[in-house]
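Since the structure comes first, as structure tokens, the remarks are kept for the end.
Taken together, the values in this text are just the output of simple stated rules run on the coordinates, not laboratory data. Quick caveat, the model's predicted, so the values are computed rather than measured. Quick reminder, even Gly has a Cβ in these numbers, built from the backbone with ideal geometry, and neighbours come from all protein chains shown.
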Amino acid sequence: MLSIIQAAGWPIWPLLASSVLALALIIERFISLKTSRVAPARLLDEAIAVSRNAVPSHDVVVQLEQNSALGEVLASGFRALNANPHCSDADLRASMEGVGRSVAHRLERYLAALATIASAAPLLGLLGTVIGMIEIFGSQAPAGGATGGNPAQLAHGISVALYNTAFGLIVAIPSLIFWRYFRARVDGYLLTMELASERFVRHLEDLRR
């Protein structure tokens, strides 16, 4: 493997760096986008239960906020009521929407970088192949009136140059698959939080009356 990397030339090094970065991003997103850290299944019901008759204490709100991303959004509703018990419905919704946008931005973190790697890796591989082919045919050009070159050497050089394209695809395909997977996962979480927030706002409006 090391001999292939060395033979493929310097264009393969950016691909190696991209592969390491893509792997790190995939692992990080798997950890950060766990359901327990974003939108636990029964969190909304628990938040409604503890505030059945009144806004919970500060400690309970802090605990809810630290629970998950959805918890941050729900806690922002409690904080808005604590800050101004007579705030309008529009202000209450605006407060939760502001926190929701911040949470959504955090959930989408690094997805653009992963998509960029998926798009750029094949192009980097193609660039390496083109550079390798230029060097190969340049070295095979007749010199001093001699004709032709070594066919075996030419074939070997072409195969080595194509390693760049193959490695580019090896990096790009998993990156694209995981980007689409994480994109769909984030979209699902955002829909879940939007529906939960709408239900929670109605609960807070009833609680305030």
Using a ≥ b ≥ c from the Cα gyration tensor of the range 19-107 (square roots of the eigenvalues), is it rounded, prolate or oblate, where a/c under 1.5 gives rounded and otherwise the larger of a/b and b/c decides, a/b for prolate?
-> prolate
Taking 0.36 nm per residue of separation and subtracting the Cα-Cα distance, what length does fully extending residue 84 through residue 24 add?
-> 17.2 nm
Describe numerically, in nm with one decimal, the distance between label points set 7 Å from Cα along Cα→Cβ at residue 41 and at residue 123.
-> 4.4
In deg cm²/dmol, rounded to the nearest 500, the helical mean residue ellipticity at 222 nm of the chain, built from -39500 (n - 2.57) for every DSSP H run of length 4 or more, is -28000 deg cm²/dmol
Of 120, 69, 112, the one that fluctuates the most in a GNM where the chain has Cα springs shorter than 10 Å = 112
Ranked list, fewest to most other Cβ atoms within 10 Å of each Cβ, for 13, 179 = 13, 179
